[in-house]
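Step one of this worksheet: look at the structure below.
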Amino acid sequence: MRATARLVARVDPQGRTTLAELRGESPLLLRQVPAPDGGVTVYVVGGAAGPLAGDDLRLDVEVGPGAVVRVQTVAASIALPGRPGAVSRMLVRATIEADAVLHWLPEQLVAAAGCAHVADAQVQIAEGGTLHWRDELICGRHGEQPGHAEINTWVDLAGRPLLRQSLTVGPYAPGWAGPAVLGGAQATGSLLVVDPTRPAEAPAVRDTVARLPLAGGPATLWTATAPDAHTLRAYLEPDNGMGTIAASAGREENEVARTG
């Protein structure tokens, strides 16, 4: 199956975010819901099972100057096996203009046994743009080993590279469950916050959660591993850009200060 979807947001003369374009094809169906903050919220609704091996899906998101957009999904995506030797692919391309805000907060991707899936994200942020971008991967359904899943994220800020991140799990990625990668965790994810209004934050690590300031811009990357999806979400809930990760890291810093 091949499908494309497109979301374009603009600001009207009254300063409200409106959708200049909203279209999709099954299984990438886009639905707008009320948003009380002056922005718009769009849900991606899966119109079919999958992605199945052999599917080729693409979603384009364009957030114009000053617009505020929140994109979520109704449910988790489950990458499933399909034709022998085939690979499913999902490409998300996003552009955030100056003073625009994009919250990309989908539900988890579950790599079911036997799947072969590649998820690519390509994000361009203009100077002054704000981004909250969350990726979460669950390695297999309950009681099963995952299939092959590859997650690639490229983010540029003001035309310069900000983040290049890649993770591969499954039978064709030796050592993926070992101590150098996931350490036996079944869930992993990251939350990238690019926000010119936030003060710089120092690096911090607590248990399986890390806060990493990025060179090249007002950006922080939170990464985490967890035994299950519920715990992972608690770590990566933005909560005004801080979430459980920041709270944990803050407690660690306080402990160090008291004992130092």
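Computed from the coordinates by the stated procedures, all read-outs in this text should not be read as laboratory data. Keep in mind it's a predicted model, so treat the numbers as computed, not measured. Note: ideal-geometry Cβ built from the backbone for every residue, glycine included; neighbour counts use all protein chains shown.
Observations on the model:
- Residue 76 meets each of the listed conditions (1) closer than 22 Å to residue 39 by Cα; (2) surrounded by fewer than 23 Cβ atoms within 10 Å (Cβ to Cβ) apart from (1).
- Beta carbons closer than 8 Å, at least 6 apart along the sequence or on distinct chains, pair a first residue in the range 177-201 that is touching a residue at least 60 places away in the same chain (Cβ under 8 Å) with a second that is in a loop (DSSP other than H, G, I, E, B) and of a type in the set (A, V, I, L, M, F, W, C) for 187/139.
- If you go through the range 79-96 and keep only what is surrounded by fewer than 19 Cβ atoms within 10 Å (Cβ to Cβ), more than 28 Å from residue 37 (Cα to Cα) and under 13 Å from the mean Cα position of the chain (by Cα), you end up with just 91.
- First in the range 86-103 and over 17 Å from residue 52 (Cα atoms) and touching a residue at least 24 places away in the same chain (Cβ under 8 Å), second anywhere and among the aliphatic types (A, V, I, L, M) and outside any strand (DSSP E or B), Cβ under 7 Å, 6 or more apart: 96/126; 97/126; 98/126; 100/67
- Matching residues, the range 169-217, being assigned to a loop (DSSP other than H, G, I, E, B), under 18 Å from the mean Cα position of the chain (by Cα) and farther than 17 Å from residue 110 by Cα: 195
- Any hit, the range 46-58, residues being crowded, with 20+ Cβ neighbours inside 10 Å, within 21 Å of residue 130 (Cα to Cα), hydrophobic (A, V, I, L, M, F, W, C) and in contact (Cβ under 8 Å) with a residue 40 or more places away in the chain: no
- Criterion applied to 113, 149 was being surrounded by fewer than 22 Cβ atoms within 10 Å (Cβ to Cβ) and either of a type in the set (A, V, I, L, M, F, W, C) or touching a helix residue (DSSP H, G or I) at 6+ places or on another chain (Cβ under 6 Å) (or both), and the one residue passing it is 113.
- Exactly one residue out of 120, 99 is surrounded by 15 or more Cβ atoms within 10 Å (Cβ to Cβ) and not in a loop (DSSP other than H, G, I, E, B), and it is 120.
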